[in-house]
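S.K.: Handing you a structure now.
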Amino acid sequence: MKKLISLLLTAALSATLALSLASCGGNNDKTIKVGASPTPHAVILEHVKDALSEKGWTLEIVTFDDYVLPNTALSDGELDANYFQHEPYLLDFNAQRGTDIVKAADVHYEPLGLYGKEVSKTDYAANAKTGYTIIVPNDGSNCTRALLLLQDEGFITLKAGVSATDSLSDLDITDKKGNTVTLAAAETITGLLAESNAGTLAVVNGNYAISAGLKIADALASEKADGASAKTYSNIIAVKRGNENNEKVKALIEALQTKEVYDFIIEQFGGAVVPTYTV
């Protein structure tokens, strides 16, 4: 009987020790799990893996092809952070979905580009800005940016006084000038443009343009990298509220916001991606 009690006590102590060690391991977890768009975000994250490893961290990158799942995964606790969006999109997402995700740091800006199906820069410059079918992103903040770009290029007129920080509901196209503006999910636009009739135009988000092999240097027009949009639409590291100063998040930001990464972004993406932090 004494032997049985001794065995039971030993088993109980072993179980308690195992739980304690597991708890200790959880508290010292050195894996940073980040959701990202494949390009340029995952490419940039891959570039900082070694720097994080030298500090004792393992970076796990989970790629997403849309703009919804990275936020739902973050909100559900499946990710430590995500890196794919700008703050106006995030704020709109929070309002629509009831999530509580916040900006932890700025990293880069991707100018929107206007691309054409079989439209050369020469033809574009020579033709009047009328009679085009133009595809633009359908989510609020990116649609705002696209419409402002189209106004700058003379395709439409918006009500007076609008800016990059206005919501889509504040814009109002007062004159399309004979052009047809159609909305589509941002991730589908390059495919729709490829399948469209010659002469169709599309405003494409930087990450999807890169994925489709489109170069910002070949765009018919683009947002100015030093304009208001660059400040407003900087792509960010986002986290659940309360985790802004989490050890993992701080390590990730420290690895990203360096002169070495700044130079890598400039060299790798040729102006399609522009760092927005200072070094």
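The values are calculated or read from the model by the stated rules, or taken from the named source; none is laboratory data. Here the structure is a predicted model, which means the values were calculated and not measured. A quick note on method: Cβ atoms are made from the backbone with ideal geometry, for glycine too, and the neighbour counts reach across all protein chains shown.
S.K.: Based on what the data block shows, is Gly271 touching a residue at least 12 places away in the same chain (Cβ under 8 Å), in the same structural domain as Pro38 (by TED's automatic domain parsing), of a type outside the set (A, V, I, L, M) and farther than 27 Å from Trp57 by Cβ?
M.R.: yes
S.K.: Based on this model, can you work out whether Glu187 counts as of a type outside the set (Val, Ile, Thr), assigned by TED's automatic domain parsing to the domain that holds Lys248 and within 30 Å of Glu46 (Cβ to Cβ)?
M.R.: It is false that Glu187 is of a type outside the set (Val, Ile, Thr), assigned by TED's automatic domain parsing to the domain that holds Lys248 and within 30 Å of Glu46 (Cβ to Cβ).
So that you can scan it fast, the table gives a plain yes or no per residue for (1) of a type outside the set (Ser, Thr, Tyr); (2) over 23 Å from the mean Cα position of the chain (by Cα); (3) surrounded by 15 or more Cβ atoms within 10 Å (Cβ to Cβ); (4) in the same structural domain as Gln85 (by TED's automatic domain parsing):
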position: Lys121; (1), (2), (3), (4): yes, yes, no, no
position: Thr133; (1), (2), (3), (4): no, yes, yes, no
position: Asp139; (1), (2), (3), (4): yes, no, yes, no
position: Leu148; (1), (2), (3), (4): yes, no, yes, no
position: Gln151; (1), (2), (3), (4): yes, yes, yes, no
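S.K.: Scanning region 231-251 for residues that are modelled with pLDDT of 95 or more and under 21 Å from Gly206 (Cβ atoms), which turns out surrounded by the most Cβ atoms within 10 Å (Cβ to Cβ)?
M.R.: Ala238
S.K.: Oh, and also: List the number of the failed condition for Gly191; all other conditions in (1) within 18 Å of Pro137 (Cα to Cα); (2) more than 17 Å from the chain's Cα centre (by Cα); (3) not in a helix (DSSP H, G or I) hold.
M.R.: Only one criterion in (1) within 18 Å of Pro137 (Cα to Cα); (2) more than 17 Å from the chain's Cα centre (by Cα); (3) not in a helix (DSSP H, G or I) is unmet by Gly191, namely (3).
S.K.: Filter region 236-254 down to the residues that are closer than 14 Å to His41 by Cα and either touching a helix residue (DSSP H, G or I) at 6+ places or on another chain (Cβ under 7 Å) or not in a helix (DSSP H, G or I) (or both) and list them by number.
M.R.: The answer is Ile236, Ile237, Ala238.
S.K.: Okay, next question. Do you know which residues across region 65-86 are acidic (Asp, Glu) and modelled with pLDDT of 95 or more?
M.R.: Those that are acidic (Asp, Glu) and modelled with pLDDT of 95 or more: Asp76, Glu78, Asp80.
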